[in-house]
Structure formats: structure tokens, C-alpha cells
């Protein structure tokens, strides 16, 4: 019988565009982080309570509305600092552009501390390294737990695709540089937990993602 893993990733697909939200926790300490509280903050808060977890921080890969819509309700129940890169603070201040899509979200809490490229955030035995990955938004980050080979890539890299760059602040050249210079430098075995769709690996995307192989279009 295989022993239970020391840490676990709980995945939810929430909200109007089925955005992936992650509760990542250390089994021993029962500390957790929530990455991209996309929607239904009460549901996320209930899950944390039911599992007897302690929310240490909320980690926002970027400030588009569909990745932050559940933040207010979540931290109202489980107060914790909300980390965001400063370059996405303007987007946060306009509710992630929700009104542009005819939607509204609950008033957002203040953010802080700020993400910095290369900083490390601890949660029990988990250690997340912040990777600044501009392109989808100016302040987009990825979160790498290298000991376990986990990358939370937000909307930079998907299974078979990449993040869109046609919204304000998007930059295709910057996005591709983030992927090629930062993400493809990771081991092929790295599991990629994307902001939308199924998980994948760096190796799989290196071999078959048309935007990376040059076969797209």
C-alpha cells in the first residue's frame, strides 16, 4: 500500500468560464493556500472548514475577474493576506474587468504583501517560488513547488494552448518569452496545473503544444 502523500492539491472548476481554483495543503501542519479563488468563495471556505485546514494565504496568479471572483467571500470567512504582483494592481482596482463582460463581483479586499519574482512562500512543508510570467497580464505570476514538481501556471500555459493576449495589458511576445525562457527551463516531469482545462506536463507541452512546436497556423 502506498502511503498518503504529504501534501495534496484539491481542484475546483468554478464560475462563468470554468476557472480552475486550487486548495493546496500540507497534511501534517494542516496549513493551506488557495490559488486563484475564482468564484463561489463560500464553497471554498466550506471546503477549508470541512477539512480542518488553516488558510495561510491567498495567491493570485493574475487579476482577471474570473480568477478573483470568490476572494471577498473566502477571506471574510478565513482572513488571510492576498498576494498579487504590483503590475496587476490596476486590474485588481477595477474588479478584474468584470464589467467589461457584463458581470459583477463582490468588492475586493485589500491586497498585500506584493509578489516579487524569485520570492519563496512557505505553507507547512510546501515551498512556492514565485515566477513572474508577463504576457497574459503585466503582473502574471506562476507558482512553482519544485520539490513536488508542481507548477500553477494561471493563464500562461494550457494543455495544448496558451493564454490569450487580446485583452488590455496582453503582449504575445512577452507571453512566449515567459513560456520559452521560464517554463521550458523546468523539468519535463513538472505537472502543470493551468487556470483552465486539464492538467498537463512541461514535457507534453514541449512536444505537442502547437504554439511551442511552431505547428500552429
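A few remarks follow.
- Global geometry of region 1-127, whether rounded, prolate or oblate, following the gyration tensor of its Cα atoms and the 1.5 cut on a/c: prolate
- Rounded to 5, the percent of DSSP beta bridges in region 11-156 classed as antiparallel: 70
- The ranking of 56, 28 by Cβ neighbour count inside 10 Å, starting from the fewest, reads 28, 56.
- Over the chain, DSSP H runs of length four or greater, each weighted -39,500 (n - 2.57), average out per residue to a 222 nm ellipticity of -4500 deg cm²/dmol.
- Region 7-213, relative contact order [Cα under 8 Å, separation at least 6], %: 15
- Rounded if a/c under 1.5, otherwise prolate or oblate - region 84-175, Cα gyration tensor axes: oblate
- When 19, 137, 200, 213 are arranged by Cβ crowding within 10 Å, least crowded first, meaning fewest neighbours, the order is 213, 200, 19, 137.
- Here 150, 92 are placed in order of increasing Cβ neighbour count within 10 Å, fewest first, which gives 150, 92.
The numbers here are math on the coordinates, done by the rules we state, and not lab data. Nothing here was measured: the structure is a model prediction, and the numbers come from that model. Please note: Cβ atoms are built from the backbone with ideal geometry, for glycine as well, and neighbour counts cover all protein chains shown.
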